[in-house]
Amino acid sequence: MSNLSRLLKESWTLVEEHQDKLASYFYARMFLNNPQLRDLFPVQMDVQRSRLLGAIVTAVQTVDDPEHFEEYLQSLGRDHRKFHVQPEHYEVVGSALMEALRTFAGDQWSIEFDQAWSDAYAVIADKMIAGAEADLSNPPYWHAEVLYHERRSRDIAVMTVKPLQPLEYRAGQYVSVETKYQPRLWRVYSAANAPRKDGSLDFHVRAVGAGWVSSALVRRVRPGDMIRLGAPMGQMTLDRRSTRDIVCVAGGTGLAPIKALIEEMTRANRTRWVHVFFGAKDRDDLYDLACLNRLAARYPWLSVVAATSDDPDFPGEHGNVSDIVARYGPWRDHDFFVSGSPTMVKSTLRTLAEMQVPAIRIKYDAFGDV
Ligand SMILES: Cc1cc2nc3c(=O)[nH]c(=O)nc-3n(C[C@H](O)[C@H](O)[C@H](O)COP(=O)(O)OP(=O)(O)OC[C@H]3O[C@@H](n4cnc5c(N)ncnc54)[C@H](O)[C@@H]3O)c2cc1C
Ligand code: HEM
């Protein structure tokens, strides 16, 4: 661990206990110093309170790994164009962060700690600003029309949207989405198709608990509605130079990016075997299995195994999808794509580690913090 990293981690322990108060203070400072900034944030700040602050703290604490974060920060900066963030805002946010830290750390805060946080923040802000500036040929966000919307189960909808301007992305990537029902509230969803000539994108969305955006997308959005899309992000894309066979592990709507990858392979693949494991609680949640089975019937290199964890009469595998993957192994020489809830991704990564699959061969997207 570098000295900078040690200082950041050590100093964070001084404020960690007061995170809620730190967040309130941070936002109050920021909006007081620059009241116009309030309009960039969602109305429901109570739910959202620590989204930005939490993200900055995580980014600052991982500043030691610049190569890994370079690309992420650039695309995050590009993505921030959708919030109408301008380069000068970074200073306002940075000062509010520093003021909040100083206020809550108490007597033990030192000049060294102060310097470490401002240095780390500056590095990150520079990369994000550079990412945004490199993207000026694209719009800050894309208006898109909902062409098709189908409820596939109580909580799951499949929809197709068409951006009014071309939106270039790669199979396996995700974009953020905002609806008119929850203005300024953006959440990311994976495109469920490889890029098409007509530019349309499919999304598979599950409405979670009291989820703001997912509920609107599943229960309120209708064909003809306009939504907004942010810039594509994510690294879970196909390495076309690899000749390894592939294992895809999808939980619920985690199938979306996997389906996009399969679709990409239907255009070029002749040589790689692709094994898809699709798991869900019950058969209703295997909302796209019929389509997967049709693809498997058409492409000899594709096989599909479906599993339910809570549906004893389901005519397929039973149990958690990560256990099923282990049962079908070994998978020593495969590339892996894993996508789904944080719990499902975590347990699959654990299984793969136990099976000694090298981490470098695994790409994954978790629908939350792993
Ligand atoms: C890289 C990535 C790709 C994603 N792709 C998809 C996708 O293709 N399809 C899709 O349906 N979702 C996807 N998600 C999840 C999506 O971004 C949202 O997090 C999710 O829809 C919840 O947003 P919300 O506004 O409805 O809920 P929020 O208002 O953010 O949350 C409301 C409540 O629900 C809880 N909650 C949030 N997420 C979950 C969850 N997954 N399970 C249980 N409780 C939860 C929260 O803790 C909170 O208490 C993806 C996430 C990531 C990070
Ligand atoms: C080091 C600098 C920054 C980092 C690492 C950072 C990171 C992030 C991340 C990861 C998110 C969550 C994205 C999402 O859920 O879609 C976010 C949200 C957001 N950021 Fe930033 N950001 C930074 C600077 C800024 C600045 C300068 C502004 C301008 C005011 C800003 C405005 C926002 C807004 C408006 C949101 C949405 C908040 C919400 O939904 O609650 N960010 N940021």
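The values are calculated or read from the model by the stated rules, or taken from the named source; none is laboratory data. Worth saying up front: this structure is predicted, and the values here are computed from it rather than measured. Ideal geometry is used to build each Cβ from the backbone, glycine not excepted, and the neighbour counts take in all protein chains shown.
Computed values, structure above
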{"quantity": "Odd one out for GLU150, checked against (1) away from ligand 1 (no atom under 16 Å from the Cβ); (2) among the charged types (D, E, K, R); (3) in a strand (DSSP E or B)", "calculated": "(1)"}
{"quantity": "Qualifying residue in region 235-252 (condition: in contact (Cβ under 8 Å) with a residue 40 or more places away in the chain, closer than 25 Å to GLN74 by Cβ and small (Gly, Ala, Ser))", "calculated": "yes"}
{"quantity": "Residue in region 85-107 that is in the same structural domain as LEU14 (by TED's automatic domain parsing), under 19 Å from VAL188 (Cβ atoms) and either among the basic types (Lys, Arg) or within 11 Å of ligand 2 (Cβ to nearest atom) (or both) present", "calculated": "yes"}
{"quantity": "Any chance ALA105 is buried (at least 17 other Cβ atoms within 10 Å of the Cβ) and under 16 Å from GLY54 (Cα atoms)", "calculated": "no"}
{"quantity": "Verdict on LYS259 being among the basic types (Lys, Arg), surrounded by 21 or more Cβ atoms within 10 Å (Cβ to Cβ) and more than 16 Å from ligand 2 (Cβ to nearest atom)", "calculated": "yes"}
{"quantity": "Residue under evaluation VAL85, criteria (1) part of a helix (DSSP H, G or I); (2) more than 16 Å from ligand 1 (Cβ to nearest atom); (3) among the β-branched types (Val, Ile, Thr), criterion not met", "calculated": "(1)"}
{"quantity": "Wholly within region 254-363, strands (runs of 3 or more DSSP E) carrying at least 1 residues that are touching a helix residue (DSSP H, G or I) at 6+ places or on another chain (Cβ under 8 Å) and acidic (Asp, Glu)", "calculated": "334-340"}
{"quantity": "Selection within region 82-92 - charged (D, E, K, R) and more than 17 Å from the chain's Cα centre (by Cα)", "calculated": "GLU88, GLU91"}
{"quantity": "Candidates GLY172, GLY254, GLY234 - the one that is within 16 Å of ligand 2 (Cβ to nearest atom) and either buried (at least 19 other Cβ atoms within 10 Å of the Cβ) or not hydrophobic (A, V, I, L, M, F, W, C) (or both)", "calculated": "GLY234"}
{"quantity": "Matching entry among VAL338, VAL345, VAL370, VAL321 (being within 16 Å of ligand 1 (Cβ to nearest atom), under 26 Å from VAL205 (Cβ atoms) and at pLDDT below 95)", "calculated": "VAL370"}
